[in-house]
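First up is the structure itself, then whatever we jot down about it.
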Amino acid sequence: MVGLSLAEKKYVEGGIAQGLRSDGRGLHDFRTFSVELAIIPQANGSARVRLGATDVIASVKAELGRPLSGRPNQGRVEINIECSPTAAPQFEGRGGEELSLELSRALHRSLLGGGSGAGAAIDLSALSVIEGKLCWNLFIDGLVLSSDGNLLDVLAIAIKAALSNTGIPKVEVTSAAAAEQEANFEISDNPDDFSQFDTSRVPVIITLTKVGRTYIIDATEEEESQMSSAVSIAVNSLGHVCGITKRGGAGLDTSVLLDMISVSKEVSKSLLATVDAEIMAAESRNGNFFILVLVSSHYFVHVASPLFKSQVQAWLG
Amino acid sequence: MAQSRVSSYSLESQRVSLARGSSASLISPHGTREDGRTLHECRAAFLQTGAVNAAAGSAYAEFGQTKVIVSVFGPRESKKAQAYSDIGRLNCNVSFATFAGSVRGRAGQGVEEKEYSQMLYKALEGAVTLHTFPKTTVDVFALVLQSGGGDLPVVITCASLALADAGIVMYDLVSAVSLSSFDTKLLLDATLDEENSQDGSLMLACMTSRNEITQLSLSGEWPQGKLSEGLKLCLDACNKLAGLMRIQLRISV
């Protein structure tokens, strides 16, 4: 938490009341952000997103496992967020636990849909390999490296980027076993042989932070310290609301909430476009980066995006 | 009336049917649900204040198969270890009895209990006039005796009743209702079976006479029309529930 003097608090609050913010943004403007992909070689997909001084990493790991008995044709997805004490001293020990839990649950709600798996951001049935026996379980881990407000929105962007970077190896079922038998399968070790998710339905989250009588988007930590309440709204590319989480204690007038929902839908259009463009740019950058380093050392093969690994191995002959 | 008791009181263990896409089997062709309710009808509720002797205030609530008890202690002096605070503290804790679900639960706080505790705190924080009792703590302990769907809204409703029973000053009572979405249909106040196969859910807690929302959570995909209909249904139900809570408080005084 930032320790603000009374004068600073008044400055932040008074500014927002007049439509002014200390970094010159409008009330409903996002800060610019950058996306890096495939930064963790041992994960199936990963991304790092920096928005102002907020810095997060998301990684996606896929493991084969058994589906839940009630959902034989769906894979499982787990989302876990960790706030590292390197970001702020109060995250040390159990201090970050409450925030981590709040963030994980909010993301869970927004990305994984209702109880039946409908409305989930990624098609859970695409994770199924053999119905009732074998499926991919996705473990999505988010790590907060540095915090300057708006963690939830940035984490959602990072997860979207990491998922679009994720490659799942093809699994070949060698014997279609009878109901009781163990299934035999082979995981393809050809790195060219992987499938990717359709991430077009993964929503972005927009947090509207209420300071005084107005609300702002993409609040910095200074601004967040003056909030009375905040509402995080997940919106997907169809303009459908996929999740709402209320944070902060103060009550909220019904009409304000409806207003917030329509604003978030409006903002989501441009944000989704920017996120997609940034991910595309990062993908192409990764390719170039890879070719450059390859000249100097084979070692970097591991650092490169799995998307390009196959190409390079072909070149290496 | 507040004391419309649920008729079936058997010890029949809960069935957990995880049938997928089963909105058809959960809703009959005549538009009634498994327990005979219409889509937009709440479960029969039983509310009672003063359920625990030792507490400053307490309440018991039964919504269909969901049974919850909440005790409120305090305001009492904050623990010495805590820093000085010129507004009161609200300490909320939700736990599930080990026999609350169909699978025996473990002792100790699970992720769900922690999340519910946090959400209960945020639902009540905006309603309680914390500045009227500086340096002190009010403890709100909720115990889910039987989990039959819509546990969190029942806990929130019951907790605000218990706070009122304890004489803690609030701006208004907080009532909470949940709603499940199935394909094109919206089911108010869903049971556990219904929740297990829902496509999306909406939970709303509000102070009805101030028209102020204190807690809100939504999952699943909601197009605009459905979302506004859902919010309206929840607000209506919260209004009615708040009426029941007021009746119960008037009876108990």
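Calculate, in nm to one decimal, what A:GLU98 and A:ASP259 gain on full extension: separation in residues at 0.36 nm each, minus their alpha carbon distance. Can you show the working numbers first?
Details: separation 161, 0.36 × 161 = 57.96 nm, distance 2.89 nm.
Length gained between A:GLU98 and A:ASP259: 55.1 nm.
Order A:LEU68, B:LEU145, B:LEU241 by their accessible area, 1.4 angstrom probe, all chains in place, largest first.
A:LEU68, B:LEU145, B:LEU241
Scaling the Cα radius of gyration of the protein assembly as shown by the globular reference 2.2 N^0.38 Å produces a ratio of 1.02.
Among the chymotrypsin sites (Phe, Trp or Tyr not before Pro) in segment B:72-155, those located in a DSSP loop and surrounded by at most 10 other Cβ atoms within 10 Å of their own Cβ are B:TYR84.
Subtract the Cα-Cα distance of B:THR136 and B:THR184 from 0.36 nm times their separation in residues, and report this length gain in nm to one decimal.
Numbers: separation 48, 0.36 × 48 = 17.28 nm, distance 4.82 nm.
That works out to 12.5 nm of additional length.
Once A binds B, the 1.4 Å probe can no longer reach about 3100 Å² of accessible area, counting both sides. Between segment A:91-157 and segment A:212-271, the alpha-carbon centres lie 20 Å apart.
Distance between the C-alpha centres of segment B:64-107 and segment B:26-40: 35 Å, rounded to the whole angstrom.
Hey, any idea what % of segment A:229-270's accessible area is carbon plus sulfur with a 1.4 Å probe? Please list the in-between numbers first.
Working: 710 of 1210 Å².
Answer for segment A:229-270: carbon and sulfur cover 58 percent of the accessible area.
Find the percent of Cα-Cα distances in segment B:5-252 that exceed 24 Å, and round it to a whole number.
Working: 13963 of 30628 pairs.
The share of Cα pairs beyond 24 Å in segment B:5-252 comes to 46 percent.
Inter-label distance, A:THR274 to B:GLN224: 2.3 nm, where each label sits 7 Å from its Cα along the C-beta direction.
With a cut-off of 12 Å between beta carbons, the residues surrounding B:GLU115 carry a summed charge of -2, where Lys and Arg count +1 and Asp and Glu -1.
On the accessible surface of chain B, probed at 1.4 Å, how many percent belong to carbon and sulfur atoms? Please list the in-between numbers first.
Values: 5970 of 11130 Å².
Looking at chain B in its full context, I get 54 percent from C and S.
Computed on segment B:66-215, with alpha-carbon pairs under 8 angstrom and 6+ residues apart, the relative contact order is 29 percent. Using a cutoff of 8 angstrom between alpha carbon atoms and counting only pairs six or more residues apart, the relative contact order for chain A works out to 20 percent. In this structure segment A:42-113 gives 43 Å² per residue of accessible area when probed at 1.4 Å with all protein chains present. Accessible surface for B:ASP165 stands near 50 Å², nearest 10, in the context of the full protein assembly shown (1.4 Å probe).
When the Gaussian network model of chain B links Cα atoms closer than 10 Å, the mean-square fluctuations of B:GLY64, B:GLY50, B:GLY36 top out at B:GLY36.
Run the numbers for B:GLU41 and B:ARG104: contour at 0.36 nm per residue of separation, minus the present Cα-Cα distance, in nm. Spell out each step's value before the answer.
On the way: separation 63, 0.36 × 63 = 22.68 nm, distance 3.05 nm.
Here the answer is 19.6 nm.
Excluding residues fewer than 8 places away in the same chain, name every one of the lysines whose C-alpha is closer than 25 Å to that of B:LYS135. Of all the lysines, those that pass the test against B:LYS135 - Cα under 25 Å, at least 8 places apart if same chain - are A:LYS9, B:LYS79, B:LYS80, B:LYS114, B:LYS122.
A 31 angstrom limit on the alpha carbon distance is what I want to check against. Which of A:LYS246/B:LYS226; A:LYS10/B:LYS240; A:LYS133/A:LYS269; A:LYS10/B:LYS226; A:LYS269/B:LYS240 exceed it? Don't jump to the answer; show the numbers that get you there.
Working: A:LYS246/B:LYS226 19 Å; A:LYS10/B:LYS240 41 Å; A:LYS133/A:LYS269 40 Å; A:LYS10/B:LYS226 40 Å; A:LYS269/B:LYS240 38 Å.
Listed pairs above 31 Å: A:LYS10/B:LYS240; A:LYS133/A:LYS269; A:LYS10/B:LYS226; A:LYS269/B:LYS240.
Grab the DSSP H runs of chain A that are 4 residues or longer, score each as -39,500 (n - 2.57), total them, divide by all residues and round the 222 nm result to the nearest 500 deg cm²/dmol. That comes out to -10500 deg cm²/dmol. Surface analysis of segment B:5-252 yields an accessible area of 43 Å² per residue, using protein heavy atoms and a 1.4 Å probe.
The values are calculated or read from the model by the stated rules, or taken from the named source; none is laboratory data. Note that the coordinates shown come from a computational prediction; the quantities given were computed from them, not determined experimentally. Reconstructed Cβ throughout: ideal geometry from the backbone, glycine too, with neighbour counts over all protein chains shown. The area values use the complete protein model at the heavy-atom level, side chains included, leaving out ligands, DNA and RNA. Shrake-Rupley method; radii C 1.70, N 1.55, O 1.52, S 1.80 Å.
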